[in-house]
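A.B. asks: First, the structure itself, so that you have it in front of you.
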Amino acid sequence: MSEGHHLDGGPVVSNSRREKTRVCHVITRLDAGGAAENTLRTVCGLDPERYEVSLIYGRTEQPMTEWIRRAEARGVALHCLPAMVREIRPMTDLRAIGQLYRLLGRLRPHIVHTHSSKAGILGRWAARLRRVPCIVHTPHGHIFYGYYGPVLSRLFRAVERATCRFTHRVVALTDAETEQHLEAKVGRREQFVTIHSGVEVERFEQAKVEREAVRERLRVPPGAFCIGSAGRLVAVKNFGLLLDALSRLHHKDPDCYHLVILGEGAERGMLLHQSLDLGLHERFYLPGWFEDMENYYPAFDLFVLGSKNEGMGRVLVEAMAAGIPVAATAVGGVPELLGRDEWGLLVPPDDPQAMAEAIERAACQAELRARLAQKGKERCRLYTAERMIQEIDCLYGQLLNEQGRCSK
């Protein structure tokens, strides 16, 4: 944890030893992705002897079933509000705020912790109206660029500025995310605290799979250099950049490279069409999203990410833990994670030629891949799930101390 506040006060649960701290997390949806996994990991990790945890989420198309089961088994109360949707729909959004207001009235939380932009706005305003003592928000990156056009982006910045005025803490995934918010005039420095998104590092370190069998399952030709990536198939992830880079490599060496992207989303059809147009359909595979991603990473020789915007890049941490060297565009919190080619290769954003050159460099230099893989395994220890939960626990304790909360 760095920047903003340092959490050295320790967790304080309540004025009464017998009463649990009621925490309500709010997220737009629980579709497969970094924000949903981070949120589910948090609610599962909080001590059930000290916390009474609720999770409110909106309409979800591809739920993270295994994580939702874990949350239920840990005693987390799940509440689905169909009116809470990602799209901007003024009347539906007002209805969602009303539903949140009524539900928070029943749950009577001491802390409301919102996640992502839409739920962050609706959830914090509902909490404000309910006079919830502590309001926390984790943006999981930001939508100041890369998601919408200039008009909507300006609107979101204005709404975020207004909402941030009554937010007690904003949890940034990296220090760079804090700086980007401040540059956009969203929030004050003292409101921000950096808590890295936690990854079950051991799960990826200890995966025991037969590499060649996984490569066969992912249709990787024998002897090919396998480029892997993972994430939601949406515009901001810019997976089309990877196909453009693959096309450049394919022209130089038609039999060398193969691209696999693990994920689902709205751009699946577009990516398949792009691969056909580029003549790459035999060198590209979209197998879908898997709950056990750790069993697929070993197939990759290099893990790449071409995003236009990225809060931290948790899939990069997963690949590092699996011992796979990484390369990614220098956006959001990625440069902080990878350093200057110290823990991974940095590539200028939206530059397919630079991405192709980085991939070719890694493919041709086994020593470079080995060095990055070793450095990555060391680096990922800073991003464990246990560390994230401890820091969130301390944050809650500090906030309750600051607010001087009495039992509600």
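A.B. asks: Which condition from (1) assigned to a helix (DSSP H, G or I); (2) free of Cβ contacts under 8 Å to residues at least 40 places away in the same chain is the one that residue 261 breaks?
C.D. replies: That leaves (1) as the condition not met.
A.B. asks: Oh, and also: Just one of the numbered conditions (1) in the same structural domain as residue 209 (by TED's automatic domain parsing); (2) in contact (Cβ under 8 Å) with a residue 40 or more places away in the chain is not true of residue 389; which one?
C.D. replies: Residue 389 satisfies all of (1) in the same structural domain as residue 209 (by TED's automatic domain parsing); (2) in contact (Cβ under 8 Å) with a residue 40 or more places away in the chain except (1).
A.B. asks: Test of understanding: among 283, 314, 248, 268, which residue is assigned by TED's automatic domain parsing to the domain that holds residue 207 and closer than 18 Å to residue 380 by Cα? Don't jump to the end; show me each part of the working.
C.D. replies: Numbers: 283 fails: closer than 18 Å to residue 380 by Cα; 248 fails: closer than 18 Å to residue 380 by Cα; 268 fails: closer than 18 Å to residue 380 by Cα.
Selected residue: 314, the only one of 283, 314, 248, 268 that is assigned by TED's automatic domain parsing to the domain that holds residue 207 and closer than 18 Å to residue 380 by Cα.
A.B. asks: For region 44-82, which residues satisfy the criterion of being under 21 Å from residue 137 (Cα atoms), hydroxyl-bearing (Ser, Thr, Tyr) and not in a strand (DSSP E or B)?
C.D. replies: Within region 44-82, 60 is the sole residue that qualifies.
A.B. asks: Another one. Counting just the residues of region 183-213 that are of a type in the set (Gly, Ala, Ser), under 28 Å from residue 137 (Cα atoms) and touching a residue at least 60 places away in the same chain (Cβ under 8 Å), which one comes out surrounded by the fewest Cβ atoms within 10 Å (Cβ to Cβ)?
C.D. replies: Kept after step one, since they are of a type in the set (Gly, Ala, Ser), are these residues of region 183-213: 184, 187, 197-198, 207, 213.
Keeping just the survivors that are under 28 Å from residue 137 (Cα atoms) gives 184, 187, 197-198.
Filter again for touching a residue at least 60 places away in the same chain (Cβ under 8 Å), leaving 197-198.
Working: 197: 26, 198: 23.
The qualifying residue surrounded by the fewest Cβ atoms within 10 Å (Cβ to Cβ) is 198.
A.B. asks: Additional query: Specify the residue that is surrounded by the fewest Cβ atoms within 10 Å (Cβ to Cβ); the eligible residues are those in region 46-81 that are aliphatic (A, V, I, L, M) and touching a Gly at 6+ places or on another chain (Cβ under 8 Å).
C.D. replies: Of the residues in region 46-81, the ones aliphatic (A, V, I, L, M) are 46, 53, 55-56, 64, 68, 71, 73, 76-78, 81.
Of the ones still in play, those that are also touching a Gly at 6+ places or on another chain (Cβ under 8 Å) are 53, 56, 81.
Details: 53: 26, 56: 26, 81: 20.
Step by step, filter region 46-81, then rank; the result is 81.
A.B. asks: Also: Scan (1) at pLDDT 95 or above; (2) buried (at least 19 other Cβ atoms within 10 Å of the Cβ) for the single condition residue 314 breaks and write down its number.
C.D. replies: (1)
A.B. asks: Are any residues in region 188-215 in a strand (DSSP E or B), of a type in the set (A, V, I, L, M, F, W, C) and touching a Ser or Thr at 6+ places or on another chain (Cβ under 8 Å), and if so, which ones?
C.D. replies: Here is the first cut: in region 188-215, the residues in a strand (DSSP E or B) are 192-194, 199.
Among the residues that remain, those that are also of a type in the set (A, V, I, L, M, F, W, C) are: 192-193, 199.
Of everything in region 188-215, those that are in a strand (DSSP E or B), of a type in the set (A, V, I, L, M, F, W, C) and touching a Ser or Thr at 6+ places or on another chain (Cβ under 8 Å) turn out to be 192, 199.
A.B. asks: Continuing with the same structure: From 39, 28, grab the single residue that is over 23 Å from residue 162 (Cα atoms), hydroxyl-bearing (Ser, Thr, Tyr) and surrounded by 20 or more Cβ atoms within 10 Å (Cβ to Cβ). Give the steps one after another, and end with the answer.
C.D. replies: Working: 28 fails: over 23 Å from residue 162 (Cα atoms).
None of the others qualify; the one that does is 39.
A.B. asks: What's the total number of residues in region 286-306 that are assigned to a helix (DSSP H, G or I) and over 16 Å from the mean Cα position of the chain (by Cα)? Write out each step before concluding.
C.D. replies: Just the residues of region 286-306 that are assigned to a helix (DSSP H, G or I), to begin with: 293-295, 297-299.
Still in the list and also over 16 Å from the mean Cα position of the chain (by Cα): 294-295, 297-299.
Within region 286-306, residues that are assigned to a helix (DSSP H, G or I) and over 16 Å from the mean Cα position of the chain (by Cα) number 5.
A.B. asks: How many residues does region 349-408 hold that are more than 24 Å from the chain's Cα centre (by Cα), of a type in the set (D, E, K, R), in a helix (DSSP H, G or I) and at pLDDT below 95?
C.D. replies: Final tally of qualifying residues: 1.
A.B. asks: Checking residue 226 against (1) surrounded by 17 or more Cβ atoms within 10 Å (Cβ to Cβ); (2) in a helix (DSSP H, G or I); (3) not polar (S, T, N, Q), which test does it fail?
C.D. replies: Condition not satisfied by residue 226: (2).
A.B. asks: Right, here's the next one. What is the residue count in region 314-330 for residues that are in a loop (DSSP other than H, G, I, E, B) and in contact (Cβ under 8 Å) with a residue 40 or more places away in the chain? Walk me through it before giving the result.
C.D. replies: Taking region 314-330 as the starting set, the residues that turn out to be in a loop (DSSP other than H, G, I, E, B) are 322-325, 330.
Checking which are in contact (Cβ under 8 Å) with a residue 40 or more places away in the chain leaves us with 322-325.
Going through region 314-330 one residue at a time, the tally reaches 4.
A.B. asks: For region 237-258, name all the residues that are outside any helix (DSSP H, G or I) and without any contact (Cβ under 8 Å) to a residue 40 or more places away in the chain. Even if it seems obvious, please write down each step before you answer.
C.D. replies: Keep residues of region 237-258 that are outside any helix (DSSP H, G or I), which gives 238, 253-258.
Within region 237-258, 253, 254, 255, 258 meet the criteria.
A.B. asks: Give me the pairs: first residue in region 353-364 and surrounded by 16 or more Cβ atoms within 10 Å (Cβ to Cβ), second residue part of a helix (DSSP H, G or I) and of a type outside the set (A, V, I, L, M, F, W, C), beta-carbon distance under 6 Å, and six or more apart or on different chains, which are they?
C.D. replies: Hits for this filter: 356/248; 362/369.
The values are calculated or read from the model by the stated rules, or taken from the named source; none is laboratory data. As the structure is a computational prediction, the values presented were derived from the model and not from experiment. Here the Cβ is made from the backbone with ideal geometry for all residues, glycine too, and neighbour counts use every protein chain on show.
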